[in-house]
Amino acid sequence: MLKKMRKRRRQLTSIALATGIALSGLSFQTGVFAAEQGAPKTEQINQNEVPQLVDKASIDAVIAAMTVEEKAKLVVGVGMPGMTIPKLPVQGAVGGTPAIERLGIPAMYYADGPAGLRISPTRPGESKTYYTTAFPIATSLASTWDTNVVNKVGQAQGNEVKEYGVDVLLAPALNLHRNILTGRNFEYFSEDPLISGKMTAALVNGVQSNGVGATIKHYAANNQETNRFTIDTIVSERALRELYLKGFEIAVKESHPKAVMSSYNLLNGTPASQNSELLTTVLRGDWGYDGYVMTDWFAGTDPVAQMRAGNDQIMPGFPQSSERIANAVKDGSLDEKLLDRNVKNILNFVVESPSFKNYNHSDNPDLQAHAAVARQAAADGMVLLKNDQKALPLKKENKVALFGTAQIETVKGGTGSGDVNAAYTVSIIDGLKHAGYSLHEDLVNQYSNYISVLRQMEQYKIKPSPWGEDFGKEIPVIPEMVLDTNQIKTIEDESDIGVIVIGRNSGEGVDRQNVKGDYLLTDTEKAMIQNVSKAYHDAGKKVAVVLNIGGPVEIASWRDQVDSILLAWQPGQEAGDAVADVLTGAVNPSGKLATTFPVKYEDVPSSENFPGTPAENPTQVVYEEDIYVGYRYYSTFDVKPAYEFGYGLSYTNFDYSNIRVNQGGKFKDQITVFANIKNIGKVSGKEAVQAYVSAPDGKLEKPEIELKAFGKTKELKPNQTELLKFELNAKDLASFDEEKNQWIVEKGVYTVKVGASSENIKGTATFKVDKDIIVEEVSNSLVPEVEIDRLTKK
Ligand code: BGC
């Protein structure tokens, strides 16, 4: 972590230097600094005639009355506690917009993040606490395949945003899981853009139903932490449009997020926050976006270029940035009309914000109700990877022996800005106890003593995050406790089932690694799995593994040794209770993977070019795998994953029947796919159903399958059937022809494959497209200047 902090500071310094600003000499402003920042310097204003911001209709008059300095002030944010800046009124908020009182423009406040609102839980001199709810990580939410559940999470998150006096949530984040080792993947949903886009839209709609803003981030192609401020991401237009931009396009069109956060990385040579093709031509031109764009924190190198590009606000901003912008207007190098455009985009949201409406926030959201939402979402996102001979659910009378330190130090979520200062995390021990299970108490005590001894040692002490207390805690990884085989034998004798918990964490600023203790299990973890399995199996008893992780780990080498594997993800603060819900069968698992678990890291299509070149200190990353990300690659190139995209078991079974399309299999501009799903097992359950399409190769080659629609049944009782319908329109089916800048449905026979996973296809139906359909022509943007050696099946 310390390393991480140094890295972040170094990155900040280099950005600051590139911007011509010395970090040491900063004097920051707060959101309530309007008055001090003072009167306009260059124009005399008659106070009696000053228009006031009262509603949307007043915005143009207010802009007309603003001085250049005031405009330049508004487009540069405020905030970033933990450096030399005084704290914002909402402590732990990371920024906001400045007030300009003369014109009736109030300050607004922004706070992270994807797993829930991140603010300071305490304030000096106050006994009141400001805890927020830690929801499951985004990867877990995506695994629900249930936009209703995700929408409820959004509603609850947005309520906390509003009730704690924040205007804009800096979430959700929807970068693709291009590579399984990206340190912030836990904050992102999936390797697939449709899931990412739909989940984002559901979340944004939930958050914004409270009258606060959501920010979709990080736009775009911000798929690694290594050198995140400076890496130049080289990617083809087709891969961009079909994958890396697609989720953003869906979210923009289906949920109208109030804000978009541009990313740190360069995209095809230009910093994202200075990239007018990305921020204006595509986002606003091609997609019709009408909210505002803010930078990621300290992103970019040139505030004037950011303004020109349509990056409406620089976060958290340096006063020097305002000066440079104002000077650029005065010397003619920045057209004032562009600045006005940016100001207007920001004010459009200011007039809708709780701060503008003087919303009297309670500082007292219903945390208990939100905990229930978090618990349901967490359980619904868990994926049962293996369950031989129905080892799970646990039987009521089972005495459970819990192995692994993560039974106590259960990981609720990842670290960095995506962390959440929740009041508690329910451990797996407590979850099982709450569910009425008896545990092997000696073993619990042994783990508990082991952890407390280690945590007193300097190297394992839990400390506040070096990024500041608002960023949660720094929890050094402690080694797994070594158990000898005799001891395991005794524990086995005294219990009915062994449950082994494997935990992992990762976070902002650092990518994960293909090493033991991270992607790979350590020798001690492997020995624990092996020895516990042997002892229990010799006695005819079962062993289950619970994976408390934020992204894939290697499973293939040890999975045969155990009976069951439950992928619990990082389930948020209700972790233990949600794990117990699924282990005990109170909730029938219905989550499925929205990201592939490969057999080995080397199978990942981007493993050879992640995190870029030169290897010692990457400056450029070329997306050579092109459109073949995740299952698009595994299915097309016949690489067998450990657990494929879409995979997940249940305690019941489902039958799929009557899979068909309408219109006699002729596609004009729309077609509907139908499937009957019947619960043919003995317990109630929900099924996530996936509709993939195999499109014909034409001028454009196509991946073997692409997810085109998905849905989840309601909770079906045994023998109950539900008919699911999926509507596919031309845009859903289209591929991107980068020569013509067109979305096109090429003629030929299309096969719809309805399945329980990307490999477990239950039925197919075909339809015909008689002639090429040009769905949409868009701008010629974001063309890479570097030659890309693209993966192709030809
Ligand atoms: C992260 C953003 C976050 C911001 C404010 C940045 O480092 O990349 O996701 O919203 O900090 O905390």
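At-a-glance table
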quantity: Extension gain, E727 back to E777 (0.36 nm per residue minus Cα-Cα distance, nm); calculated: 15.8 nm
quantity: Reachable lysines, given that their alpha-carbon falls under 17 Å from the alpha-carbon of K600 and they are not under 8 places away in the same chain; calculated: K516, K526, K640
quantity: Between segment 485-556 and segment 218-232, the Cα center-to-center distance that results, in Å; calculated: 33 Å
quantity: Note, ³J(HN,Hα) from phi for segment 49-56, Karplus 6.51, -1.76, 1.60, rounded to Hz, x at Gly and Pro; calculated: 9, 6, x, 10, 6, 10, 6, 4
quantity: Which of S557, Q52, I500, positive extreme of dipole for the chain (C-beta unit charges); calculated: I500
quantity: K399 long-range amide H proximity, modeled H, under 5 Å; calculated: D496, I497
quantity: Candidate lysines - alpha carbon under 24 Å from K717, same-chain residues fewer than 8 apart omitted; calculated: K152, K386, K390, K395, K396, K592, K678, K682, K686, K725, K762
quantity: Rounded FRET efficiency, nearest 0.05, which uses the C-beta distance separating N148 from Q459 and R0 of 45 Å; calculated: 0.50
quantity: Debye, to nearest 20: dipole size of segment 447-504, +1 on Lys, Arg Cβ, -1 on Asp, Glu Cβ; calculated: 300 debye
quantity: Antiparallel content of DSSP bridges confined to the chain, in %, to 5; calculated: 60 percent
quantity: Extension gain, E441 back to V639 (0.36 nm per residue minus Cα-Cα distance, nm); calculated: 66.9 nm
quantity: Around S533: net Lys/Arg minus Asp/Glu count, Cβ-Cβ under 11 Å; calculated: +1
quantity: Cα-Cα pairs of the chain separated by more than 39 Å (percent); calculated: 37 percent
quantity: Angle in degrees between helix 147-163 and the longest Cα principal axis of the chain, rounded to the nearest 10; calculated: 50 degrees
quantity: Accessible surface of the chain [probe 1.4 Å, protein heavy atoms]: carbon and sulfur percent; calculated: 48 percent
quantity: Cα pair distances of segment 500-580 binned at 10 Å [whole percent]; calculated: 17, 47, 31, 6, 1
quantity: Pairwise label distance in nanometres, S607 with D290, each label 7 Å out on the Cα-Cβ vector; calculated: 4.8 nm
quantity: Net charge dipole size for the chain [Lys, Arg +1 and Asp, Glu -1 on Cβ; Debye, nearest 20]; calculated: 1000 debye
quantity: Mean separation of Cα contacts under 8 Å (6+ apart) over length of segment 454-498, as relative contact order %; calculated: 25 percent
quantity: Computed over segment 348-456, Kirkwood Rh from alpha-carbon pairs, angstrom; calculated: 17.8 Å
quantity: Label-point separation, N760 to K682 (7 Å along Cα→Cβ), nm; calculated: 1.9 nm
quantity: Amide proton proximity set for I105, modelled H, under 5 Å, gap of 5+; calculated: L53, I100
quantity: Compactness of segment 175-268 - radius of gyration and Dmax, Cα, Å; calculated: 12.9, 38
quantity: Span from the segment 590-666 Cα centroid across to the segment 448-469 one, whole angstrom; calculated: 37 Å
quantity: Euclidean distance between Cα centres, segment 188-207 to segment 60-139, Å; calculated: 25 Å
quantity: Derived scalar couplings ³J(HN,Hα) [segment 677-688; Karplus, 6.51 cos²θ - 1.76 cosθ + 1.60; whole Hz; x for Gly, Pro]; calculated: 10, 10, 7, 9, x, 9, 10, 5, x, 10, 10, 8
quantity: Residue-wise HN-Hα coupling along segment 366-378, computed from phi with Karplus coefficients 6.51, -1.76, 1.60 (Hz; x: Gly, Pro); calculated: 7, 5, 5, 5, 5, 4, 5, 5, 4, 5, 5, 4, 4
quantity: Cα lying deepest toward the dipole's positive end in the chain, options V543, Q157, T129, charges on Cβ; calculated: V543
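The values are calculated or read from the model by the stated rules, or taken from the named source; none is laboratory data. Please read these numbers as outputs of a predicted model, since none were measured by experiment. Cβ coordinates were reconstructed from backbone atoms using ideal geometry, including for glycine residues, and neighbour counts include every protein chain displayed. For accessibility, only protein heavy atoms count, side chains too; no ligands or nucleic acids. Shrake-Rupley method; radii C 1.70, N 1.55, O 1.52, S 1.80 Å.
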